[in-house]
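Right, one structure below, let's go through it.
The values are calculated or read from the model by the stated rules, or taken from the named source; none is laboratory data. Here the structure is a predicted model, which means the values were calculated and not measured. Counting neighbours? That spans all protein chains shown, and the Cβs are built from the backbone with ideal geometry, glycine included.
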Amino acid sequence: MFSNVKRWLSLKRNGHSSIDMDNLPTPKTAGDQSLSNSRLIVLDLETTGLNTAKDEVIAIGAVAIEKGAIHLDDQFDLILRRPELDIRETVLIHGIGPEALTQGQETKEALLHLLEWMNGDPILAYHAEFDKRFLERTLKAQLGYTRSHVWMDVAELMPAFFPKAEPKGRGLDHWSDLFRLEVSERHHAAADAMVTAELTLIALNTAQKSNVKTLKDLSQKLRYQRRLQKMKRF
Amino acid sequence: MRQHKHPLLPGTMVLFMTADTPDSTLPQNTRAIMTFLREHAPFSNMDDPHLAHFAENAKLTFFSDGEEVLSPDGDVVKHFWVVKQGRIRGERFNEKDNRAETTFEISKGECFPLAALIGERPTRTLHRAAGDTFCLSIDHPAFVTLFAESEPFRDFCLRGVSSLLDQVNQRIQSTAMASIGSSSSLDTPLERYALRAPIICTPDLPVNEAVARMHENNVGSIVVTDDQQQPTGIFTLRDLRMLIAEGADSLSTPIRHVMTPEPCRLLASDDAFDAAMLMAERHFAHVCVVDDNNRLIGVVSERDLFSLQRVDLVHLARTISTASQLSTLISLRHDVSRLVDTMLAHGADSGQVVKIITTLNDVTVRRVLELNLKQNDPGIPFTWLTFGSEGRQEQTLLTDQDNGILFDTPDGMTEDQVREKLLPFARKVNDELAQCGFTLCKGNIMASNPKLCLSEAEWDDWFQRFIEASTPQNLVYSSIFLDMRAIFGPDEPLRRLFSKVLTRIEKNALFQKMLAGNALQRKPPLTLFRTFRYLNDDNKKVLDLKRQGLAPFVESIRVFALANGIRAANTLERLDELAKKNVFDQKDAGAWKESYSLIQAIRMRAHQDLLANDEPLTNYIDPDDLNPLDRRILRESFRQAQRLQQKLELAYQL
């Protein structure tokens, strides 16, 4: 695994991007693909703040769910930049000096790899709207990329499949507490993505039993859930 | 694993900006899984690269309550699983009762299905989630890599729970060591330890004379004091060793030149824990105990602190063996219980504790016999035999008397005439032992029973009938009479008798098989609710540690021991002998010794708790009262008992 990173970095150092901008995967739509056979991306971003127009993405953590399991050999854990850290410290790890690598290029490269890795699969996130806005804005600003992925909100998914559950609030922590999940490191993008994915596994398990079989079923279920929420509000 | 369009693209993208630990080159979620694994056996002993290999190749799956995880109808097992959260229940269908029964339970950090994976076959047990459950798994290639490269992992997979027990046991020992620091016995003020008058000298005394004084008094240190009895230095055997190793010119130099000045000192009101900490910190084996005016009162050595119980034992044994009347013996029983308490608090091994109880019981029995002989000697040479748990030297505080007499018939007397003389004597001894706390045997297995007060020839006859005409009743008695020991009188007659008994048993395959069948009557209490099988329906949460826990070990091991001509009666000694004779694999014997000792330890702790609350002693416990580690230990120990019984079944094709 690590040797792959090195290889990628060495390619970068030589000035070749390993990604072909023009052949990025096409985002899939929520169609008749069966849920159990689809690959789903569960993603979490770490940002410098909550302002989707101004703040910056610092870290991207994501795991993939496939065939009802989270595969640890298929994950994305990337810190884009650490303003508080001296770039010299990073030389130790990736062997690239500050002169060879400006931060902008690094972010660009990382985002390209994220797109490549996501492979156009649907993206789930907790309070997905937030991550969606940040990611789409960053992709546009850095790469000029404007295609949109299918996004689903795990914050909607949970009450949709567990209408009787009574978490102590609507946050990720509340749901993970309810299912007694442990977060390895709070507010670490990858760790939060992991716990979100664990909740997703629980929800998908119930989905299988309640005749929600395809991506389309799932997205309809979520739409219905949203309408229900709106009705409740009035 | 994953197929990507671009061949150069890594499956996992990681780029870290910090380099504080080697781990930090790994993704957060991989590290988190490694952290989880490290808390559990066998992962706790595995090297980081192997753990990383596991974590990187792991897959996390969720199963809702009741969902099937692995089924006997499935294919050859291809994955190695670890419970990350929740529980997995093993279920077998009982055709007789027409219902599924739980055969085992796997909880957080435990692995499955080892046997099927190693045997490359489907599982034989339906694995079902009990409660919402997350499991980690690795596929066959990753498993094979770990199996080949990690020794602790391989060992664990091959031995299953037995190596887990090793680790649990190691943990117990380290907790016991740690708890020495907090156990109540070390809250004892030092003034109670340092009762001995310290060995002292003046600063001008030549070294050789100081050493002579140490030697005379059999101590390892001498304290150098000034006119006001204040310690100014200490000289220990270690200092002497150093002095000689460094090639001292003369041993007649005044001690003040070679002593350690300003010795460590504590107030008499400080406690043993302070002393232990001081010694541990400064690497000193001796600490001076002083009063408020800095005057020396005594010296506490490391040995004083940690073998206090041995001192008590010697003292107690001596007091018992010199007691001049029965009432003293009766009152000393309380001290025995207190000693056991101290030893357990010090984290003593249960094997040691039962042996010590047996030793003290032996001393008591001998003293009762001696006092009776003094009063009224029947004038017949005899050996006092003891059977059952006392014969095995496995007595706890809750004990029945099981004894008998092997006498030497004097010339000109018939055996019945001898009995006429011995039985009243034996009756009195049995009664007095009962007053000392050895409950009268309900089955009348006592020396005062004419059937158990026999000559050597009669005993031989008796055993011959016992072995050759095995009746169900005989088999019940096998647990008593085949574990015997002489505790008073000549040893030789019993030795001769027992050799004959052993030879007869070794030759009699049928008797062995019946013994084995009998040993399998008591099954370890594992199955139903939360894996423990309780005593009966009335006592929903009760386990009988003696009959359900220890007996399966004692009885199975007895069969193997007798069949292999092993003379020892003690279960742990029998296990050692069986391992020596290669009847048992060394590691199996070790695991069984530990399991047996662990159950015994839990039983003794329960006894001490009952005593502390003035409740009558029983062997019953509610596992829910135990802490999770003890519960797990108990469960693993019972599993080991099952393994042992399986070995017996196999050996005798039962």
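Scan region A:23-49 for residues that are within 13 Å of chain B (Cβ to nearest Cβ), loosely packed, with under 12 Cβ neighbours inside 10 Å and either modelled with pLDDT under 85 or more than 18 Å from residue A:136 (Cβ to Cβ) (or both) and the total you get is 1. Would you confirm whether any residue within region A:197-218 is in a helix (DSSP H, G or I), in contact with a Lys or Arg (Cβ under 8 Å, 6 or more places away or on another chain) and closer than 17 Å to residue A:63 by Cβ? Scanning region A:197-218 turns up no residue that is in a helix (DSSP H, G or I), in contact with a Lys or Arg (Cβ under 8 Å, 6 or more places away or on another chain) and closer than 17 Å to residue A:63 by Cβ.
Can you work out which of the residues in region A:50-66 that are among the aliphatic types (A, V, I, L, M) and in contact with a Ser or Thr (Cβ under 8 Å, 6 or more places away or on another chain) is farthest from the other protein chains (Cβ to nearest Cβ)? The extreme case among them is A:57. For the condition of a type in the set (D, E, K, R), out of contact with any Asp or Glu (no Cβ under 7 Å at 6 or more places or on another chain) and touching a residue at least 12 places away in the same chain (Cβ under 8 Å), residue B:68 qualifies.
For region A:155-171, the candidate set comprises residues that are more than 23 Å from the chain's Cα centre (by Cα) and over 22 Å from residue A:213 (Cβ atoms); within that set, the residue that is surrounded by the fewest Cβ atoms within 10 Å (Cβ to Cβ) is A:164. Being at pLDDT 50 or above, outside any helix (DSSP H, G or I) and among the β-branched types (Val, Ile, Thr) is the requirement here; does residue A:96 meet it? The answer is no for residue A:96. Just one of the listed residues (A:198, A:185) is in contact with a helix residue (DSSP H, G or I) (Cβ under 8 Å, 6 or more places away or on another chain), among the acidic types (Asp, Glu) and either surrounded by fewer than 20 Cβ atoms within 10 Å (Cβ to Cβ) or modelled with pLDDT under 90 (or both), and it is A:185. Scanning region B:352-402 for residues that are assigned to a loop (DSSP other than H, G, I, E, B) and of a type in the set (Lys, Arg) turns up just one, B:392. Candidates are the residues of region B:56-93 that are small (Gly, Ala, Ser) and within 36 Å of the chain's Cα centre (by Cα); the one that is nearest to residue A:207 (Cα to Cα) is B:86.
Quick check on this structure: which one of A:151, A:117 is of a type in the set (A, V, I, L, M, F, W, C) and either on the phi > 0 side of the Ramachandran plot or within 14 Å of chain B (Cβ to nearest Cβ) (or both)? Give the derivation first.
On the way: A:151 fails: either on the phi > 0 side of the Ramachandran plot or within 14 Å of chain B (Cβ to nearest Cβ) (or both).
Within the list A:151, A:117, the selection yields A:117.
Identification of helices (runs of 4 or more DSSP H) wholly contained in region B:422-509 with 1 or more residues that are in contact (Cβ under 8 Å) with a residue 60 or more places away in the chain and touching a Phe, Trp or Tyr at 6+ places or on another chain (Cβ under 9 Å) yields B:472-481, B:492-507.
With a cut-off of at least 1 residues that are surrounded by 14 or more Cβ atoms within 10 Å (Cβ to Cβ), out of contact with any Ser or Thr (no Cβ under 6 Å at 6 or more places or on another chain) and away from chain A (no Cβ under 14 Å), name the strands (runs of 3 or more DSSP E) lying wholly within region B:32-148.
Filter on region B:32-148 gives B:79-94, B:99-106, B:126-139.
Got a number for residues in region A:203-228 being within 14 Å of chain B (Cβ to nearest Cβ) and in contact with a helix residue (DSSP H, G or I) (Cβ under 8 Å, 6 or more places away or on another chain)? Walk me through how you get there before you give the answer.
Within region A:203-228, the first condition is being within 14 Å of chain B (Cβ to nearest Cβ), and the residues that meet it are A:203-210.
With in contact with a helix residue (DSSP H, G or I) (Cβ under 8 Å, 6 or more places away or on another chain) added as a condition, the list becomes A:203-204, A:206-208, A:210.
Within region A:203-228, residues that are within 14 Å of chain B (Cβ to nearest Cβ) and in contact with a helix residue (DSSP H, G or I) (Cβ under 8 Å, 6 or more places away or on another chain) number 6.
Within region B:553-581, no residue satisfies the criterion of being on the phi > 0 side of the Ramachandran plot and surrounded by 24 or more Cβ atoms within 10 Å (Cβ to Cβ).
Let me confirm something: among B:569, B:579, B:589, which residue is under 20 Å from residue B:400 (Cα atoms) and at pLDDT 85 or above? It would help to see each step written out before you state the result.
Numbers: B:579 fails: under 20 Å from residue B:400 (Cα atoms); B:589 fails: under 20 Å from residue B:400 (Cα atoms).
Within the list B:569, B:579, B:589, the selection yields B:569.
Being modelled with pLDDT under 90, under 30 Å from residue B:108 (Cα atoms) and not in a strand (DSSP E or B) holds for only one residue in A:84, A:166, A:89, and it is A:166. The test for being in a helix (DSSP H, G or I) and either surrounded by fewer than 18 Cβ atoms within 10 Å (Cβ to Cβ) or at pLDDT 90 or above (or both) holds for residue B:650.
Kindly indicate the residue of region A:115-134 that is surrounded by fewer than 22 Cβ atoms within 10 Å (Cβ to Cβ) and out of contact with any strand residue (DSSP E or B) (no Cβ under 6 Å at 6 or more places or on another chain) and also nearest to residue A:160 (Cα to Cα) among those meeting that condition. Applying the filter and picking the extreme gives A:127. Applying the set (1) surrounded by 22 or more Cβ atoms within 10 Å (Cβ to Cβ); (2) of a type outside the set (S, T, N, Q); (3) at pLDDT 90 or above to residue A:190 leaves exactly one unmet item: (3).
Being closer than 24 Å to residue B:477 by Cβ and at pLDDT below 80 narrows it down to one residue among B:520, B:515, B:535; which is it?
Numbers: B:520 fails: at pLDDT below 80; B:515 fails: at pLDDT below 80.
Residue meeting the stated conditions: B:535.
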